[in-house]
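The values are calculated or read from the model by the stated rules, or taken from the named source; none is laboratory data. Remember, it's a predicted structure, so these values are computed and weren't measured experimentally. Positions of Cβ are backbone-derived with ideal geometry, glycine not excepted, and every protein chain shown enters the neighbour counts. Quick note on the areas: whole protein, heavy atoms, side chains included, nothing else; ligands and nucleic acids left out. Shrake-Rupley method; radii C 1.70, N 1.55, O 1.52, S 1.80 Å.
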Amino acid sequence: MRWADSPDAPIAEVLLPESFPVEAKALKQLANLATAKHPAGGHVCRVCATPDFHPGDAGVAIGSVLETSGQVIPAAVGSDINCGMRLHVADLSVGQFLAQRDRFVELMKGDFFFGKRDVTMTAQTMQALFQNGAIGWLDAILDRPTGSIVQSDLNQLAREIDRIFLNGSMTGHIRWAPEELVPKLGLVRDGGLATIGGGNHFVEVQWIEQVENRTLAYQWGVREGQLAFMIHSGSRNVGKYIGGMWRDRAQALWIDGVKYPDSRLFPLSLAIHPEAVTDYLQAEATAANYAFVNRLLLAELLRLRLRQVYGDVEAPLVYDLPHNITLPEGQGWVTRKGACPAHLGQPVIIPGSMGAPSYLLAGLGNPDWCCSASHGSGRLRSRFDLNRKGNQESEDELGLTGVDCITLRQERRIEEAPAAYKPITPVIEAQVQAGLVEVVALMRPILTFKA
């Protein structure tokens, strides 16, 4: 689907399967992005949307991808900076896992829900985390291991750095971090690190049902019958803090006397505020670094519990990649909102709902879609609708029959029921047919942790 909202705006393209509805609100939000232009200079070069395209609560459609020149738009990323996916595999069968399932679940509930995790950091480690992400964090933690990480295989973590997008390291700075998380001395006990978060974030145990590309699967250490562990989380309160700060700053820097844009999207122009563009990208990178380490620590807690219950389990990392991020690509920057990079040969992780399969794919680097792919199947029903009507629907109607959802909040189980999401298969097929990705493996859910 292609259209232009105004003569001087780029043509917007939406990759929608034939059976999917066209949501007017989402189209309007995409048009607002396409026409976002700073009066002092800067414009959108290209805008498109992936098949999980749907309206966003903050005025930007989920699944939007835009290339800009001379400007960046903080609101296009929002506050869930570097929300992303991480995937591990383990040489455990489904039967082996289920035999000790209850013990494993109780231990993970303690870490994920009851605050039993110990991710204490030194002040120096937290500073390194914000400034240099996973690489900085690892260098600092090797000097002085703290918390439960003292039980980890730090050499394994070091070997896995190159399986994280950008090595999990962007150029951040502690001046953008919440002050209480970057003291000069002492220890930091951050209640946000190694947490899943709400909404559609999760930790899921899966099994690899089918491998489609055996060559790539072998290279990535993936085989049929293995267990898979998928993590979807982001920068938590740090992202909210930095995203909110820059939403307000972008508005405050708007040219005096010039009418606010109707969309309330305020670009930062390289022409008149180059320092603000640089500062925003550094601030976004600071939150992104936190998110990379947050997912790493969630995975490490899980890996430590696997070893406690099932013995010597390696559970290597397959890949970790971001959504909701601005990166230097194309004619300036590419901003992805609920979409992920899909460069040639790069692993891509696209989850279904907790009652549907998830996919491991390889990017094909399609320039027509800004080398991007979807980040999920896309929401079909709002959380408000599920809260209002969900309790009146049966387990079958909600798609929850046979779903093992581990949560302390019954409303979360209903809000995130499979019926809330679009079917994943046409989302994947549309991207395969359009040449964005190719399928490497298909994974089925066993159980899902929802905070």
Tell me whether the range 341-357 contains one or more residues that are within 23 Å of Ala61 (Cα to Cα) and open to solvent by 60 Å² or more (accessible area, probe 1.4 Å). no
Every residue in the range 348-358 that is of a type in the set (Gly, Ala, Ser), part of a loop (DSSP other than H, G, I, E, B) and in contact with a Leu (Cβ under 9 Å, 6 or more places away or on another chain), please. Gly355
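Of everything in the range 377-401, what is of a type in the set (A, V, I, L, M, F, W, C), surrounded by fewer than 19 Cβ atoms within 10 Å (Cβ to Cβ) and without any contact (Cβ under 8 Å) to a residue 40 or more places away in the chain? Give them in sequence order.
Of everything in the range 377-401, just one residue is of a type in the set (A, V, I, L, M, F, W, C), surrounded by fewer than 19 Cβ atoms within 10 Å (Cβ to Cβ) and without any contact (Cβ under 8 Å) to a residue 40 or more places away in the chain, namely Phe384.
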Looking at the range 40-57, can you tell me whether even one residue there is hydroxyl-bearing (Ser, Thr, Tyr) and open to solvent by 20 Å² or more (accessible area, probe 1.4 Å)? no
Considering only the range 117-126, I want to know if a residue exists there that is assigned to a strand (DSSP E or B) and not hydroxyl-bearing (Ser, Thr, Tyr). yes
So, in the range 97-135, how many residues would count as being at positive phi and open to solvent by 20 Å² or more (accessible area, probe 1.4 Å)? 1
Restricting attention to the range 183-220, report how many residues are over 24 Å from the mean Cα position of the chain (by Cα), closer than 15 Å to Gln127 by Cα and either of a type outside the set (D, E, K, R) or not in a loop (DSSP other than H, G, I, E, B) (or both). 5
Restricting attention to strands (runs of 3 or more DSSP E) lying wholly within the range 35-107, give those where 2 or more residues are in contact with a Ser or Thr (Cβ under 6 Å, 6 or more places away or on another chain), at pLDDT 95 or above and closer than 14 Å to His323 by Cβ. 43-54, 62-69
Any residue at all in the range 416-434 that is over 23 Å from Thr50 (Cα atoms) and acidic (Asp, Glu)? no
What are the residues in the range 225-270 that are of a type in the set (A, V, I, L, M) and in contact with a strand residue (DSSP E or B) (Cβ under 7 Å, 6 or more places away or on another chain), if any? Leu227, Ala228, Met230, Ile231, Ala250, Leu253, Leu268, Leu270
Residue that is farthest from Arg223 (Cα to Cα), among those in the range 402-440 that are open to solvent by 20 Å² or more (accessible area, probe 1.4 Å), part of a helix (DSSP H, G or I) and aliphatic (A, V, I, L, M): Ala419
Residue under question is Trp369, and the condition is that it be of a type outside the set (Gly, Ala, Ser), open to solvent by 10 Å² or more (accessible area, probe 1.4 Å), touching a Cys at 6+ places or on another chain (Cβ under 8 Å) and under 27 Å from Tyr280 (Cβ atoms); does it hold? yes
When the range 307-341 is checked residue by residue, the ones that are under 15 Å from the mean Cα position of the chain (by Cα) and more than 14 Å from Leu66 (Cα to Cα) are Tyr319, Asp320, Leu321, Pro322
